[in-house]
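Note sheet for the following structure.
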Amino acid sequence: MDQTIVSARNISKVYEMGEVKVHALQGIDMNIHKGDFTAIMGHSGSGKSTFMNIIGCLDVATSGQYLLDGVDVSKLDKDELAGLRNHKIGFVFQSFNLIARTSAIENVELPLMYNKNLTSKSRYERSMEALEAVGLADRAKHLPNQLSGGQQQRVAIARALVNDPKIVLADEPTGNLDSRTSVEVMDIFQRLNESGITVVLVTHENDIAQYANKNVVFHDGRIKKQIVVENRRFAKKELANMSNLEEEIQEEENQ
């Protein structure tokens, strides 16, 4: 049985800016399999975000073939693309993209609004399950401005999970977070990946990429190298070490 979720063959993307043609992607070949945790890296302008937008069905390639879970995306119309995107993909962005005047659970419910077969009770239950999965069920009624940056990112991750996607795409998800909160967020992604969810992460931070099991480095619209992460970081272990250190410091202060 084929376990390929993302199959990109000779993907190119050209943007026309007046008389100038910008070749953002130049013949990308990549497979991402079920259960992979892949970090896509590269400097600004390397093409990593363009590639993420294409595999997320937010943009289309100029040429080449892209199959998402066996479906040839190039043959779909806008409605079919939207349906595929909503049911197969969960998105997490650096800026969280939460609606300010809407509670955490209402933000998580948003992708379910497109499913006319779900009752309001079903939407609520599924959204609560997603918030529980990221450890934020007790903040369900809070507005985004009542949550920390890390909590807002957890809500965004819950929203990405609520439709039980085949793949989660995260674009610089720790870019606006401090060091500890970044580790907490990567712990969530690693736990999701261990549960069988395929994760693709765009990052320019080498230390964040070490939480993945495979790194793909882009340069000038091409893949420079693909490597298996040998000294992989595990967020759960790091968080435990942080907690132990904090306890030791607290004990010393109390003496």
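For segment 22-56, a residue qualifies if it is touching a strand residue (DSSP E or B) at 6+ places or on another chain (Cβ under 7 Å) and part of a loop (DSSP other than H, G, I, E, B), and the qualifying residues are 34, 35, 36, 42, 46, 47, 56. Filter segment 72-92 down to the residues that are surrounded by 14 or more Cβ atoms within 10 Å (Cβ to Cβ) and more than 26 Å from residue 122 (Cβ to Cβ), then identify the one that is nearest to the chain's Cα centre (by Cα). Among those residues, the one meeting the criterion is 73. Looking only at segment 225-237, residues that are touching a Lys or Arg at 6+ places or on another chain (Cβ under 9 Å) and in a helix (DSSP H, G or I) come to 2 in all.
Taking the conditions exactly as written (among the charged types (D, E, K, R) and either within 26 Å of residue 10 (Cβ to Cβ) or surrounded by 16 or more Cβ atoms within 10 Å (Cβ to Cβ) (or both)), does residue 225 satisfy them or not? When the stated conditions are applied, residue 225 passes them. Looking only at segment 57-78, residues that are among the hydroxyl-bearing types (Ser, Thr, Tyr) and in a strand (DSSP E or B) come to 2 in all.
Residue 109 falls short of the stated requirement of being more than 29 Å from residue 43 (Cβ to Cβ), surrounded by fewer than 18 Cβ atoms within 10 Å (Cβ to Cβ) and at pLDDT 90 or above.
When residue 164 is tested against the conditions (1) of a type outside the set (Gly, Ala, Ser); (2) in contact with a Gly (Cβ under 8 Å, 6 or more places away or on another chain); (3) without any contact (Cβ under 8 Å) to a residue 24 or more places away in the chain, the lone failure is (2).
As for segment 50-67, it holds no residue that is surrounded by 17 or more Cβ atoms within 10 Å (Cβ to Cβ) and charged (D, E, K, R). Filtering segment 173-224 to residues that are among the basic types (Lys, Arg), under 16 Å from residue 37 (Cα atoms) and either part of a strand (DSSP E or B) or in contact with a strand residue (DSSP E or B) (Cβ under 9 Å, 6 or more places away or on another chain) (or both) leaves only 214.
Hey, among the residues in segment 5-49 that are exposed (fewer than 15 other Cβ atoms within 10 Å of the Cβ) and of a type in the set (Ser, Thr, Tyr), which one's nearest to residue 226 (Cα to Cα)? Filtering first and then ranking leaves 44. The test for being surrounded by fewer than 17 Cβ atoms within 10 Å (Cβ to Cβ) and either in contact with a helix residue (DSSP H, G or I) (Cβ under 8 Å, 6 or more places away or on another chain) or within 26 Å of residue 39 (Cβ to Cβ) (or both) holds for residue 135.
The values are calculated or read from the model by the stated rules, or taken from the named source; none is laboratory data. No experiment lies behind these values; they were computed from the predicted model shown. As a convention, Cβ positions derive from the backbone with ideal geometry for all residues, glycine included, and neighbour counts pool all protein chains shown.
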